[in-house]
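Okay, so here's the structure we're looking at.
The values are calculated or read from the model by the stated rules, or taken from the named source; none is laboratory data. Since the model is a prediction, treat every value here as computed from it, not as a measurement. Here the Cβ positions follow ideal geometry from the backbone for every residue, glycine too, while neighbour counts run over all protein chains shown. SASA here: full protein model, heavy atoms, side chains in, ligands and nucleic acids out. Shrake-Rupley method; radii C 1.70, N 1.55, O 1.52, S 1.80 Å.
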Amino acid sequence: MRAIIINDMKPILLILAVLATAPAIAQDKVVNLYSSRHYQTDEALYSGFTRLTGIKVNRIEGGEDALIERIRNEGARSPADVIITVDAGRLWRAEQLGLFQPVKSALLEARLPQAYRDPAGQWFGFSLRARLIAYNKAKVRPGEIQTYEELAEPKWKGRVCMRSSTNVYNLSLMGALIDHLGEQKAEAWARGVRANFARDPKGGDTDQLKAVAAGQCDVTVSNQYYYARLARSAKPEERAVAEQVGVVFPNQASWGTHVNISGAGVARHSPNRDAAVKFLEYLTSDEAQRYFADGNNEWPVVAGVRIENPVLGEFGEFKRDRLNVAVLGRNQPGAQKIYDRAAWK
Ligand SMILES: [Fe+2]
């Protein structure tokens, strides 16, 4: 008799268990962020969202590529609601792996410029980075180099440091060059720059800036936030690196400086989809734009948002490339082929 009751109760217990979790799912009181960001200002970002919406933020942090791999492995059971990462090239890779779902939101479309989001709504750019030319002030005069194209000129033979061509920033830069110059000229550029190397590609953007400051080479390219980090560093030796380096916003007289984004999208199997969309919408608020961008010394993408970052303030206004950043992703495979043909490691 007793055994029969327990057996009969099993489905009821199951239903109770489902009901117990159902309201939490239906009300979206939590959002799971998979993020490759780890900046101090992100704390304020998340608490601001929770204060406004009552939705709790769970963070899962990891390296850019590791995070994408993790979500991929979790498949349909992934708890990921929002995926946050950097560079349109990487967002494009995640899109190609089917990790996002399209989102239609009038607010996102109104607040975010078209150039900085996926036309199909799979991912959205929330802050902006620029790839600058940096030079040793003792060896290069201001104005002596003003375009990416000039890096390939014989004048700079033995004077250029570059990071690896497999790096997504350089792939995206090549993606822009392909669009503006065409494949042939873009390849000639890669060969020219490669012929000007002072050393084989190694290290990240900060290493290139340090090599320029140390006189190992005279020019390089770097995202602005690496320079800004050095300039704002608490360590005098890092500030000294920034002081010896001048930066140029390239191509102001032509197609503008190559820009890229930090961005996010809603995960394909998001269990808290409404909360995920709300979070993306929150990122477009003036307050969130400031936290999100300033955490990494980037610019907000939403027009008219005031910034207080002293280094970005000194940079002032500049002409940005107007290319839709989705093109940078689409051109990635072609970009790598060009670098490979040019023997740019
Ligand atoms: Fe970076």
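What to note about this one:
- Across the range 337-344, not a single residue is classified as open to solvent by less than 50 Å² (accessible area, probe 1.4 Å) and within 19 Å of the chain's Cα centre (by Cα).
- The set of residues in the range 208-229 that are over 23 Å from Asn331 (Cβ atoms) and either more than 19 Å from the chain's Cα centre (by Cα) or of a type in the set (Val, Ile, Thr) (or both) comprises Leu209, Lys210, Ala211, Val212, Ala213, Ala214, Gly215, Gln216, Cys217, Asp218, Val219.
- Just one of the listed residues (Gly265, Gly316, Gly295) is out of contact with any Pro (no Cβ under 8 Å at 6 or more places or on another chain) and within 16 Å of the ligand (Cβ to nearest atom), and it is Gly295.
- Near pairs, Cβ below 9 angstrom, 6+ apart or cross-chain, from the range 221-235 (within 12 Å of the ligand (Cβ to nearest atom)) to any residue that is of a type in the set (Lys, Arg) and open to solvent by 10 Å² or more (accessible area, probe 1.4 Å): Ser222/Arg163
- One residue stands out in the range 300-317 among those that are free of Cβ contacts under 8 Å to residues at least 40 places away in the same chain and touching a helix residue (DSSP H, G or I) at 6+ places or on another chain (Cβ under 7 Å): the one that is surrounded by the most Cβ atoms within 10 Å (Cβ to Cβ), namely Val305.
- Single unsatisfied condition, Asp179 versus (1) touching a Leu at 6+ places or on another chain (Cβ under 7 Å); (2) surrounded by 20 or more Cβ atoms within 10 Å (Cβ to Cβ): (2)
- In the set Arg90, Arg111, only one residue is open to solvent by 10 Å² or more (accessible area, probe 1.4 Å), within 16 Å of the ligand (Cβ to nearest atom) and within 27 Å of Val30 (Cα to Cα); that residue is Arg90.
- When residues of the range 154-172 are limited to those that are more than 22 Å from the chain's Cα centre (by Cα) and assigned to a helix (DSSP H, G or I), the one nearest to Asp205 (Cα to Cα): Trp156
- When Gln244, Gln208 are screened for being among the polar types (S, T, N, Q) and open to solvent by less than 10 Å² (accessible area, probe 1.4 Å), only Gln208 passes.
- Answer residue from the range 124-160, given it is small (Gly, Ala, Ser) and within 16 Å of the ligand (Cβ to nearest atom) and is surrounded by the fewest Cβ atoms within 10 Å (Cβ to Cβ) among those: Ala130
- Within this structure, Pro236 fails the test of being modelled with pLDDT of 95 or more, surrounded by fewer than 24 Cβ atoms within 10 Å (Cβ to Cβ) and within 20 Å of Ala94 (Cβ to Cβ).
- Hey, Gly175 away from the ligand (no atom under 15 Å from the Cβ) and under 20 Å from the mean Cα position of the chain (by Cα) or not: yes
- Helices (runs of 4 or more DSSP H) wholly inside the range 260-345 containing at least 2 residues that are modelled with pLDDT of 95 or more: 273-282, 286-294, 326-330, 332-341
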